[in-house]
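Chemist: I'd like to ask some things about the structure below.
The values are calculated or read from the model by the stated rules, or taken from the named source; none is laboratory data. As the structure is a prediction and not an experimental result, all values here were calculated from the model. Cβ atoms come from the backbone with ideal geometry, glycine included; neighbour counts cover every protein chain shown.
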């Protein structure tokens, strides 16, 4: 059979070019958070030395501290890039519970998510954010010159994305946060542990795999990759090597692979060569460290994983089972029970967590989960959930709380957790494990961050970790007595203490590798309990109390091991500090020394008075036939998007003008579009002998109100959206054309309601394993008697697990009924190839059967051209107007598709490239159709 593939049989959903796509704000809208806060937030601002710090009123104390800190440290942060001054707004977000931070353009701003995490660096959270994010500010200013006229931010942002790989931005920022402080991620062996483990296991990771990641293996991450590569750059080529690279890129921007070319000019090696050169240096350094360490081997108690899998927080369960929280690239986070034969029993999956965490004792399991506000996604909560193994009932104990790291006493009668309020004050709170009621709050007068508390057997003693700019400390407290600091503030990664009688087991990297240690509160003596080759974490006692269950990191992730409690001397610290030379070059011990303590002027920040913030005058390429230009505005709190511009219709050779806005501050979202455009149509008047052509300009206004809501509960997600919209069209017709064409279309109304239910998916899933999607649409003309017509449409899609793991079967059943004006409308999903097949009847319904499955995850690097992440297949059988077409053995179209996700030209966007072969029912007398597929995502 020959394939007939004329031009009009190609359906190419293609991004016109990568560079042009990067000029679209919608692209970067996926990278950064553009969600809103509730209207109840009272905003204030402090303006100082070019920085506008915008913050909720509850953060007054922290905002004052950071307003003193940021201008003081910026000259030092930007010094090696020759950046001493800047102008940028910084927005503090305190309603969410996920720690984060970023700098962006379009609009230019930085956001600090102020709630501190439960496992992070040994320094103040906001201080760390300040150094890291201010380095990004300096980087952006270096590459763009810091200029903002005439509104080039989107173009600058595109330029940054094309010219410099993300790993270099982030690696340089991590290097700076490490060099200028006493902490920083570069001093954490657990942070670069995956890279070290891979090299010591002789894994030959390609540059692309290290950079872009993998759906089957553990990979270092581009932060870690960037830190190690930039540290060596600083070591060999000096303090200003990063500045030289940025400067050369800025001078010669219009080149393919500008970063690689500039890197070769400086080092004599292109990006891939520099990566391979560093791999050898890293491997040799870590091999030497490994020979100096005396490590033990432990038997793995879980199944050997075929792809990256983590069995977090192993805990003794019953007589011979282990309870663990399993994270895998092939399945969502799930509690599992593992017996002595390594057999697994799945219990249930859970929602997102700030970090993997649970506590189990006496048939009660508790853990924390994230809950999002139904509408305002800047607001989220950390709630405590529980599961009773006797009743097999799962419930949510707390609602709209900010509680972290819940831990039970061994008898199950007490529950302790960290509570962080909107001012960033952290306290330890005791809760009733039956209903989640807070019984007691332990004061935290020092105001330090608190992390990962634990209770002893009867709940009479608490252990916890505190964090301040001085480092981390380990504390215990009995009853209402004064807290006892059993380990003084240190730059060690102290975490997750557990009681062993009166002693406390904890994690740290005292010997240069993360291991388990024990401290005696009486004499403060520390002994080693493990000697892992790569890293040991999350210790817990076995039932008899003579052995420890814990996680040991291996090539495929965190495994479960067990070892008898044998106390040994702590080995000498052999940690390799790759950022040592960069720190020496900076010539500062701690950038946070001598910070002023002034009370700065603070005044209200009124969001509605600052809705317009014009940032970009950008080319528009959404349609190649209608190129244009748009002036764009986005306010700093992401509540109003506004644009105005013009485009050129090459078919009509006319200019069109447009403007629009989306207002997102209120519970419903309001949007409006205005267009003044040229139009054309052909018509034939009654008794006329020939067809006439009408040309006119029209004013078109469209307004819409929508209410998107979503809630999550355990591993289930529910989404709802309700919309109502209308429009008005005023056509400037001449007298003749007005006889055949309506001069106005007066407020047709359209409504939409959609509901989606999904369960949490895994990284390797191609579609939801189990989901239901329903959408209802209705269009009519209630205000215009001249134009009549109605449209009702119902779409549905049901997803089910396929035959094998990560396979998915979906069934879509869609129906529409149209009359009058809407007779030619199409509001339901059609069969593949619909546009290339001549219709035999009016579209009424479709039945779409699809089966999707992964074929391979090759992680194949084809030189600098492409990195192939996966290869996927699909089968489909699509039916149309099934009431009339009673023979379901003969679909209208059927066929197969082959697709692949890849990174092209070593750029970050993931490109979906593939082809679909569509066979058409023989009754249509049409040859098969070939569709090419080309999409992208971040």
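Chemist: Do we find that residue 589 is out of contact with any strand residue (DSSP E or B) (no Cβ under 6 Å at 6 or more places or on another chain) and exposed (fewer than 13 other Cβ atoms within 10 Å of the Cβ) in this structure?
Modeler: yes
Chemist: Of the residues that make up segment 858-870, is at least one touching a helix residue (DSSP H, G or I) at 6+ places or on another chain (Cβ under 7 Å) and either on the phi > 0 side of the Ramachandran plot or assigned by TED's automatic domain parsing to the domain that holds residue 777 (or both)?
Modeler: There is at least one residue in segment 858-870 that is touching a helix residue (DSSP H, G or I) at 6+ places or on another chain (Cβ under 7 Å) and either on the phi > 0 side of the Ramachandran plot or assigned by TED's automatic domain parsing to the domain that holds residue 777 (or both).
Chemist: I'd like to know if segment 696-708 contains one or more residues that are part of a loop (DSSP other than H, G, I, E, B), touching a residue at least 24 places away in the same chain (Cβ under 8 Å) and assigned by TED's automatic domain parsing to the domain that holds residue 762.
Modeler: So far as segment 696-708 goes, no, none of its residues is part of a loop (DSSP other than H, G, I, E, B), touching a residue at least 24 places away in the same chain (Cβ under 8 Å) and assigned by TED's automatic domain parsing to the domain that holds residue 762.
Chemist: OK, next. Can you tell me which of 663, 714, 621 is closer than 30 Å to residue 397 by Cα and either in contact with a strand residue (DSSP E or B) (Cβ under 6 Å, 6 or more places away or on another chain) or surrounded by 15 or more Cβ atoms within 10 Å (Cβ to Cβ) (or both)?
Modeler: Result of the check over 663, 714, 621: 714.
Chemist: Could you go through segment 307-326 and let me know if any residue there is surrounded by fewer than 16 Cβ atoms within 10 Å (Cβ to Cβ) and closer than 26 Å to residue 761 by Cα.
Modeler: Scanning segment 307-326, I find no residue that is surrounded by fewer than 16 Cβ atoms within 10 Å (Cβ to Cβ) and closer than 26 Å to residue 761 by Cα, so the answer is no.
Chemist: Could you say which residue among 813, 849 is in contact with a strand residue (DSSP E or B) (Cβ under 7 Å, 6 or more places away or on another chain) and in the same structural domain as residue 799 (by TED's automatic domain parsing)?
Modeler: 813
Chemist: Check residue 199 against each of (1) in a loop (DSSP other than H, G, I, E, B); (2) at negative phi and name the one condition it does not meet.
Modeler: Answer for residue 199: the failing condition is (1).
Chemist: For residue 766, only one of the following conditions fails: (1) crowded, with 16+ Cβ neighbours inside 10 Å; (2) modelled with pLDDT under 95; (3) part of a strand (DSSP E or B). What is its number?
Modeler: Condition (3) is where residue 766 drops out.
Chemist: Among the residues of segment 553-570, which ones are in a loop (DSSP other than H, G, I, E, B) and touching a strand residue (DSSP E or B) at 6+ places or on another chain (Cβ under 8 Å)?
Modeler: If the condition is that a residue be in a loop (DSSP other than H, G, I, E, B) and touching a strand residue (DSSP E or B) at 6+ places or on another chain (Cβ under 8 Å), then 556, 565, 567, 569, 570 are the ones that fit.
Chemist: Select the strands (runs of 3 or more DSSP E) contained entirely in segment 80-180, then report the ones holding at least 3 residues which are over 20 Å from the mean Cα position of the chain (by Cα).
Modeler: Strands (runs of 3 or more DSSP E) meeting the threshold: 88-93.
Chemist: Looking at this structure, is residue 525 in contact (Cβ under 8 Å) with a residue 60 or more places away in the chain, surrounded by fewer than 24 Cβ atoms within 10 Å (Cβ to Cβ), more than 17 Å from residue 291 (Cα to Cα) and more than 36 Å from the chain's Cα centre (by Cα)?
Modeler: The answer is no for residue 525.
Chemist: I'm told residue 180 meets every condition in (1) in contact (Cβ under 8 Å) with a residue 24 or more places away in the chain; (2) under 25 Å from residue 902 (Cα atoms) except one. Can you identify the failing condition by its number?
Modeler: The single condition residue 180 does not satisfy is (2).
Chemist: Then there is this: For segment 799-809, check the following and say yes or no: at least one residue is out of contact with any helix residue (DSSP H, G or I) (no Cβ under 7 Å at 6 or more places or on another chain) and within 30 Å of residue 842 (Cβ to Cβ).
Modeler: Filtering segment 799-809 for residues out of contact with any helix residue (DSSP H, G or I) (no Cβ under 7 Å at 6 or more places or on another chain) gives 799-809.
If we keep only those that are within 30 Å of residue 842 (Cβ to Cβ) too, we end up with 799, 809.
Yes - at least one qualifying residue is present in segment 799-809.
Chemist: Let me ask something else about it. Does segment 371-399 hold any residues that are in contact with a strand residue (DSSP E or B) (Cβ under 8 Å, 6 or more places away or on another chain), farther than 19 Å from residue 710 by Cα and surrounded by fewer than 20 Cβ atoms within 10 Å (Cβ to Cβ), and which are they?
Modeler: Of everything in segment 371-399, those that are in contact with a strand residue (DSSP E or B) (Cβ under 8 Å, 6 or more places away or on another chain), farther than 19 Å from residue 710 by Cα and surrounded by fewer than 20 Cβ atoms within 10 Å (Cβ to Cβ) turn out to be 388, 389, 393, 394, 395.
Chemist: Can you tell which of 908, 890 is farther than 30 Å from residue 209 by Cβ and outside the structural domain of residue 166 (by TED's automatic domain parsing)? Show your work before the answer.
Modeler: On the way: 908 fails: farther than 30 Å from residue 209 by Cβ.
Only one candidate qualifies: 890.
Chemist: Using the structure shown, decide if residue 209 is under 17 Å from residue 867 (Cα atoms), in contact (Cβ under 8 Å) with a residue 24 or more places away in the chain and assigned by TED's automatic domain parsing to the domain that holds residue 241.
Modeler: yes
Chemist: Quick one: which of 325, 281, 337, 256 is assigned to a helix (DSSP H, G or I) and outside the structural domain of residue 384 (by TED's automatic domain parsing)?
Modeler: Going through 325, 281, 337, 256 in turn, just one is assigned to a helix (DSSP H, G or I) and outside the structural domain of residue 384 (by TED's automatic domain parsing): 281.
Chemist: Scan 506, 575, 550 and give me the residue that is assigned to a loop (DSSP other than H, G, I, E, B) and modelled with pLDDT of 95 or more.
Modeler: Going through 506, 575, 550 in turn, just one is assigned to a loop (DSSP other than H, G, I, E, B) and modelled with pLDDT of 95 or more: 575.
Chemist: Sort out which residues of segment 469-511 are surrounded by fewer than 21 Cβ atoms within 10 Å (Cβ to Cβ), in contact (Cβ under 8 Å) with a residue 24 or more places away in the chain and under 32 Å from the mean Cα position of the chain (by Cα), and write them in order of number.
Modeler: Within segment 469-511, 469, 471, 490, 491 meet the criteria.
Chemist: Evaluate segment 222-245: report whether one residue or more is assigned by TED's automatic domain parsing to the domain that holds residue 73, assigned to a loop (DSSP other than H, G, I, E, B) and surrounded by 20 or more Cβ atoms within 10 Å (Cβ to Cβ).
Modeler: As a first pass, look at segment 222-245 and keep what is assigned by TED's automatic domain parsing to the domain that holds residue 73: 222-245.
Still in the list and also assigned to a loop (DSSP other than H, G, I, E, B): 238-240.
Checking the rest, the ones that are also surrounded by 20 or more Cβ atoms within 10 Å (Cβ to Cβ) come to none.
Looking for residues that are assigned by TED's automatic domain parsing to the domain that holds residue 73, assigned to a loop (DSSP other than H, G, I, E, B) and surrounded by 20 or more Cβ atoms within 10 Å (Cβ to Cβ), one finds none in segment 222-245, hence no.
Chemist: Quick check: is even one residue across segment 435-448 in contact (Cβ under 8 Å) with a residue 60 or more places away in the chain, assigned to a strand (DSSP E or B) and in the same structural domain as residue 483 (by TED's automatic domain parsing)?
Modeler: No.
Chemist: Being in contact with a strand residue (DSSP E or B) (Cβ under 7 Å, 6 or more places away or on another chain) and in a loop (DSSP other than H, G, I, E, B) is the filter here; which residues of segment 824-842 pass it?
Modeler: 825, 827, 828, 829, 830, 831, 832, 833, 837
Chemist: Within segment 447-468, which residues are within 17 Å of residue 127 (Cα to Cα) and surrounded by fewer than 19 Cβ atoms within 10 Å (Cβ to Cβ)?
Modeler: 447, 468
Chemist: Step by step: first the residues of segment 852-877, then only those that are surrounded by 18 or more Cβ atoms within 10 Å (Cβ to Cβ) and without any contact (Cβ under 8 Å) to a residue 60 or more places away in the chain, then the one that is nearest to residue 899 (Cα to Cα). Which residue is that?
Modeler: If we take residues in segment 852-877 being surrounded by 18 or more Cβ atoms within 10 Å (Cβ to Cβ) and without any contact (Cβ under 8 Å) to a residue 60 or more places away in the chain, then 874 is nearest to residue 899 (Cα to Cα).
Matching residues to (1) touching a helix residue (DSSP H, G or I) at 6+ places or on another chain (Cβ under 7 Å); (2) assigned to a strand (DSSP E or B); (3) at pLDDT below 95; (4) within 20 Å of residue 483 (Cα to Cα):
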residue: 378; (1), (2), (3), (4): no, no, no, no
residue: 385; (1), (2), (3), (4): no, yes, no, no
residue: 416; (1), (2), (3), (4): no, yes, no, yes
residue: 423; (1), (2), (3), (4): yes, no, no, no
residue: 430; (1), (2), (3), (4): no, yes, no, yes
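Here's the yes/no breakdown for (1) in contact with a helix residue (DSSP H, G or I) (Cβ under 9 Å, 6 or more places away or on another chain); (2) under 30 Å from residue 869 (Cβ atoms):
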{"site": "214", "(1), (2)": "no, yes"}
{"site": "229", "(1), (2)": "yes, yes"}
{"site": "237", "(1), (2)": "yes, no"}
{"site": "253", "(1), (2)": "yes, yes"}
{"site": "257", "(1), (2)": "yes, yes"}
{"site": "272", "(1), (2)": "yes, yes"}
{"site": "277", "(1), (2)": "yes, yes"}
{"site": "283", "(1), (2)": "yes, yes"}
{"site": "294", "(1), (2)": "no, no"}
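Chemist: Looking at (1) outside any loop (DSSP other than H, G, I, E, B); (2) under 31 Å from the mean Cα position of the chain (by Cα); (3) not assigned by TED's automatic domain parsing to the domain that holds residue 559, find the lone condition where residue 316 falls short.
Modeler: So the condition that residue 316 fails would be (2).
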